[in-house]
Amino acid sequence: MPEDQDLATIIEDATFEFTMGDSATAVAKLDAALSEFPESFEAWHALTEVHYFEKDYQQALAAAEKAHALKPDDLLINTSLSRIWVELGDKEKAEKFGAQAKMLGWKQQLQNPEEAQNGFESL
């Protein structure tokens, strides 16, 4: 990994590669970032989403579990885990993480009622 690139830039570059259809390069960049920054929630979550898109659900699950261990109260990683477990056919685990995501979403709405209200008005 080039020394002049910070972690956020590498994740952005990997996300761009993925968006442009080059999942292999995205995975390589994220793997390189994670070898240097193994505690990066953002990199693990990005890797989760790339693997999920590629239908590599076991790799997606492995990355998601690492991300979840770092930030168990993150709404997005709980949502990702729910989606992965749906694909893997485990309804109970999918529902568990889906319920956790809903609770986290409600918690965010309670903490930011104006944002929640504005979100409803724009529908």
Residues of the stretch 71-86 classified as surrounded by fewer than 17 Cβ atoms within 10 Å (Cβ to Cβ), more than 11 Å from the chain's Cα centre (by Cα) and of a type in the set (A, V, I, L, M, F, W, C), total: 1
Would a scan of the stretch 49-59 turn up a residue that is loosely packed, with under 12 Cβ neighbours inside 10 Å, more than 14 Å from the chain's Cα centre (by Cα) and modelled with pLDDT of 95 or more? yes
Determine, yes or no, whether Ala64 is loosely packed, with under 15 Cβ neighbours inside 10 Å, within 29 Å of Gln111 (Cα to Cα) and of a type in the set (A, V, I, L, M). no
Select from the stretch 18-47 the residues that are in contact with an Asp or Glu (Cβ under 9 Å, 6 or more places away or on another chain) and hydroxyl-bearing (Ser, Thr, Tyr) and write down the one among them that is farthest from Thr79 (Cα to Cα). Thr25
Are there any pairs, at least 6 apart or on different chains, whose C-beta atoms fall under 6 Å, with the first in the stretch 4-26 and over 11 Å from Ala43 (Cβ atoms) and without any contact (Cβ under 8 Å) to a residue 40 or more places away in the chain and the second assigned to a loop (DSSP other than H, G, I, E, B) and acidic (Asp, Glu), and if so, which? Ser23/Glu54
Looking at the stretch 96-110, can you tell me whether even one residue there is within 19 Å of Leu7 (Cα to Cα), among the basic types (Lys, Arg), surrounded by fewer than 17 Cβ atoms within 10 Å (Cβ to Cβ) and in contact with a Phe, Trp or Tyr (Cβ under 9 Å, 6 or more places away or on another chain)? no
Just one listed residue, out of Leu110, Leu123, is at pLDDT below 95, on the phi < 0 side of the Ramachandran plot and not in a helix (DSSP H, G or I), and it is Leu123
Which of the residues that make up the stretch 77-107 are modelled with pLDDT of 95 or more, part of a helix (DSSP H, G or I) and of a type in the set (D, E, K, R)? Arg83, Glu87, Lys91, Glu92, Lys93, Glu95, Lys96
Could you tell me which residue of the stretch 38-48 is nearest to the chain's Cα centre (by Cα), considering only residues that are buried (at least 18 other Cβ atoms within 10 Å of the Cβ) and not acidic (Asp, Glu)? His45
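The values are calculated or read from the model by the stated rules, or taken from the named source; none is laboratory data. Keep in mind it's a predicted model, so treat the numbers as computed, not measured. With ideal geometry, Cβ positions are generated from the backbone for all residues, glycine too; neighbour counts draw on all protein chains shown.
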